[in-house]
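See below for the structure under consideration.
The values are calculated or read from the model by the stated rules, or taken from the named source; none is laboratory data. Everything numeric here is computed off the predicted structure, so don't read it as measured data. In this analysis, Cβ positions are derived from the backbone assuming ideal geometry, glycine residues included, and neighbour counts consider all displayed protein chains.
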Amino acid sequence: MMALPDYDKLDRPDASGLPLAWHLWGGDDQVGTLNNITPETVSAAARLVRRGKRFPLDLPIHVPLGMLGPGAHWIRGAAQQTLYKKTYAGLVIRDDKIDNLFLQSSTQWDGLSHVGDPHHGFYNGVQDAEVTQLPGTRNGIENFARFGIAGRAVLADLAGHFAAEGRKWDAVGSMVAGADDLRACLARQKVNLQPGDILLVRMGWVGRFLAATTGDERERLYRQRDYSGLSGGEDIWRFLWDSRVAAVASDTVTVEAWPLAEGQVSLHLAIARLGIVLGELFDLDALAEDSAATGDYTAFFTSSPLNVRGGTGAPPNAMAIR
């Protein structure tokens with residue numbers, strides 16, 4: 001494992017006072033904190049598989065936008081599937097295609113070309129003109145696919161933790177969970193983060209959306225855009241960086257609490273400045289239910305993102321195995 005400077009020792013080259021963690025894994029690096037995954041961390045995580053119980057973590061590709069009316073998102077729409085039928089030489093053949101597939105419309109990894117810093121550019125100094133989706137494009141999601149995402153997943157069931165503490169929490173309402181909340185949750189669960197971990201944070205939004213019994217309720221949950229989530233501030237930046245996690249994914253639309261105020265520090269800015277890998281809309285309820293029953297909040301995790309050249313994000317094809 002490469003020795004990295006602690007968060008408080010990272011360069012801060014501009015008036016924002018925020019750190020810039022570029023070139024620590026080399027000037028050509030395009031996977032950011034996924035570099036915390038090593039052959040050793042993967043091998044150790046594989047030993048967590050004992051029962052062979054599998055937890056697919058992706059939502060169906062049409063969820064949530066296919067369950068909402070038009071214009072639910074300012075740019076993204078629901079995928080549209082077309083089925084083709086043919087007979088040939090005594091065979092009955094089916095084929096299909098998907099139109100209007102936005103790569104971040106359902107469960108997703110955010111790629112390192114998803115968010116740039118307005119002053120410095122994208123992660124590791126990549127500039128807008130280098131994000132082309134043509135040969136030689138930089139920071140595309142295909143780099144995650146080629147790297148291979150696997151290792152130990154740690155579930156931080158914040159929704160369950162707050163319920164056990166008697167603390168009010170709702171998946172909507174722009175409620176904020178900070179780094180101290182994550183620490184307390186992990187302590188309650190008796191698990192410590194290790195370098196290379198994939199941190200899965202359950203806050204309850206996906207379960208709430210899937211349980212909604214009316215279209216009006218689903219529309220309100222999505223369109224009101226008052227998602228509860230992690231703090232976007234430096235407490236979370238520091239926690240994630242110093243924990244040496246490979247990625248953090250949640251069951252919310254935005255991972256961090258939303259909406260953002262003008263000038264507010266955003267966790268999404270850490271994609272550009274730290275190479276933090278974020279995942280959104282992961283389906284964590286079944287995993288959390290099993291964790292509560294067994295007391296085990298770890299699992300072997302694997303993800304093979306859609307290999308799209310220059311993609312700014314992609315479905316993760318993620319699974320936790322115990």
* **Candidate set: region 41-72, residues that are without any contact (Cβ under 8 Å) to a residue 60 or more places away in the chain and farther than 24 Å from P195 by Cα; chosen: the one surrounded by the most Cβ atoms within 10 Å (Cβ to Cβ)** => L65
* **Among residues of region 240-287, those that are of a type outside the set (V, I, T) and at positive phi, counted** => 4
* Would you point out which residue out of R94, R152, R146 is touching a residue at least 60 places away in the same chain (Cβ under 8 Å) and surrounded by fewer than 20 Cβ atoms within 10 Å (Cβ to Cβ)? => R146
* Structure fact -> Among A299, A292, A314, the single one that is within 15 Å of the chain's Cα centre (by Cα), in the same structural domain as R47 (by TED's automatic domain parsing) and small (G, A, S) is A314
* To do: Report, ordered by the first and then the second residue, all pairs with beta carbons closer than 8 Å, sequence separation of six or more or different chains, a first member in region 224-241 that is free of Cβ contacts under 8 Å to residues at least 60 places away in the same chain, and a second member that is among the aliphatic types (A, V, I, L, M) and surrounded by fewer than 17 Cβ atoms within 10 Å (Cβ to Cβ).
  => S228/V176; G229/V176; L230/V176; S231/V176; G232/L260
* Answer with yes or no whether L260 is among the aliphatic types (A, V, I, L, M), assigned by TED's automatic domain parsing to the domain that holds W237 and at pLDDT 95 or above. => no
* To do: Only residues in region 183-195 that are within 27 Å of M2 (Cα to Cα) and in the same structural domain as S43 (by TED's automatic domain parsing) count as the first member; pair them with residues that are buried (at least 17 other Cβ atoms within 10 Å of the Cβ) and of a type in the set (S, T, N, Q), Cβ under 7 angstrom, at least 6 apart or cross-chain, and list the lot.
  => V191/T298; L193/S243; P195/N36; P195/T41
* Assess whether S43 counts as being within 20 Å of W205 (Cβ to Cβ) and either at pLDDT 95 or above or in a strand (DSSP E or B) (or both). => no
* Asked: Looking at region 198-209, is at least one residue assigned by TED's automatic domain parsing to the domain that holds A257 and without any contact (Cβ under 8 Å) to a residue 40 or more places away in the chain?
  -> yes
* Condition broken by E289, with the remaining ones in (1) crowded, with 19+ Cβ neighbours inside 10 Å; (2) charged (D, E, K, R); (3) assigned to a helix (DSSP H, G or I) satisfied -> (1)
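A quick yes/no check of all residues on (1) β-branched (V, I, T); (2) closer than 20 Å to A314 by Cα; (3) out of contact with any strand residue (DSSP E or B) (no Cβ under 6 Å at 6 or more places or on another chain):
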position	(1), (2), (3)
L18	no, no, yes
Q80	no, yes, no
D95	no, no, no
G111	no, yes, no
* Asked: Which one is surrounded by the most Cβ atoms within 10 Å (Cβ to Cβ), of the residues in region 103-125 that are touching a Leu at 6+ places or on another chain (Cβ under 8 Å) and of a type in the set (A, V, I, L, M, F, W, C)?
  -> W109
* To do: Determine which member of the set S304, S250 is buried (at least 23 other Cβ atoms within 10 Å of the Cβ) and at pLDDT 95 or above.
  => S250
* Asked: Just for region 145-168: of the residues that are farther than 19 Å from F282 by Cα and hydrophobic (A, V, I, L, M, F, W, C), which one is farthest from the chain's Cα centre (by Cα)?
  -> A164
